[in-house]
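Participant: Have a look at the structure that comes next, please.
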Amino acid sequence: MKLWISSEADIDVAEQYREVRRFLEFEINKCLEEIVFDNDYEKWAYIAMIRDNKNWAEEIAKKHVKRKVLEFRLKIDHGDFLHGNFHQRVNLFIDALQRSVEKMKKLGISDSDRDKLSVILESVRVSLTHE
């Protein structure tokens, strides 16, 4: 499985978003390479919704069986992201990614696979605090 991150974000957070996305995709995908999963999904797609207008869209969690994609469109608070530092922004993303892992239960992803993903997210969070 490989993490792919995109966004539906306001322009005022675009540069900060790109910085966080590059960091997290690299760190998490490096960890994912070493993991064997029970499921056969190839892509964990996370679309970060970072908009000042909180009511513009609903969050989504769905699977695309034929394309082998788990897709999540989850919100990150615009103000917290805009005014946070790099570590705070990364933690907001990790929190959203952890919510996506929790939503995988309803999509039929095993406890074992969700635990593996949670461990990876927490290891990236811990490594960030030691920089």
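Since every read-out is calculated from the coordinates, none of them should be taken as a lab result. All figures in this text were calculated on a predicted structure; none of them were measured in a lab. Positions of Cβ are backbone-derived with ideal geometry, glycine not excepted, and every protein chain shown enters the neighbour counts.
Participant: Return the residues of the stretch 106-131 that are part of a helix (DSSP H, G or I) and either surrounded by 13 or more Cβ atoms within 10 Å (Cβ to Cβ) or at positive phi (or both); say none if nothing qualifies. Even if it seems obvious, please write down each step before you answer.
Facilitator: Quick first cut of the stretch 106-131, residues part of a helix (DSSP H, G or I) only: 106-107, 111-129.
Leu107, Asp113, Arg114, Lys116, Leu117, Ser118, Ile120, Leu121, Ser123, Val124, Arg125, Leu128 - these are the residues of the stretch 106-131 that are part of a helix (DSSP H, G or I) and either surrounded by 13 or more Cβ atoms within 10 Å (Cβ to Cβ) or at positive phi (or both).
Participant: While we're on this one: Is there a residue being aromatic (Phe, Trp, Tyr), free of Cβ contacts under 8 Å to residues at least 60 places away in the same chain and surrounded by 12 or more Cβ atoms within 10 Å (Cβ to Cβ) anywhere in the stretch 77-94?
Facilitator: Taking the stretch 77-94 and keeping what is aromatic (Phe, Trp, Tyr), we get 81, 86, 93.
Pick out the ones that are also free of Cβ contacts under 8 Å to residues at least 60 places away in the same chain and you get none.
Within the stretch 77-94 (the criterion being aromatic (Phe, Trp, Tyr), free of Cβ contacts under 8 Å to residues at least 60 places away in the same chain and surrounded by 12 or more Cβ atoms within 10 Å (Cβ to Cβ)), the answer is no, since none of the residues qualifies.
Participant: Looking at the stretch 40-50, is at least one residue part of a strand (DSSP E or B), under 17 Å from the mean Cα position of the chain (by Cα), surrounded by 13 or more Cβ atoms within 10 Å (Cβ to Cβ) and not hydrophobic (A, V, I, L, M, F, W, C)? Working first, answer last.
Facilitator: At the first step, the residues of the stretch 40-50 found to be part of a strand (DSSP E or B) are 43-50.
Filter once more, keeping what is under 17 Å from the mean Cα position of the chain (by Cα): 43-50.
From what's left, surrounded by 13 or more Cβ atoms within 10 Å (Cβ to Cβ): 43-50.
From the residues that got through so far, the ones that are not hydrophobic (A, V, I, L, M, F, W, C) too are 43, 46.
Taking every residue of the stretch 40-50 in turn, at least one turns out to be part of a strand (DSSP E or B), under 17 Å from the mean Cα position of the chain (by Cα), surrounded by 13 or more Cβ atoms within 10 Å (Cβ to Cβ) and not hydrophobic (A, V, I, L, M, F, W, C).
Participant: If Leu92 satisfies every condition in (1) of a type outside the set (Lys, Arg); (2) more than 17 Å from Trp4 (Cβ to Cβ); (3) out of contact with any helix residue (DSSP H, G or I) (no Cβ under 6 Å at 6 or more places or on another chain); (4) assigned to a helix (DSSP H, G or I) but one, which is the exception?
Facilitator: Condition not satisfied by Leu92: (3).
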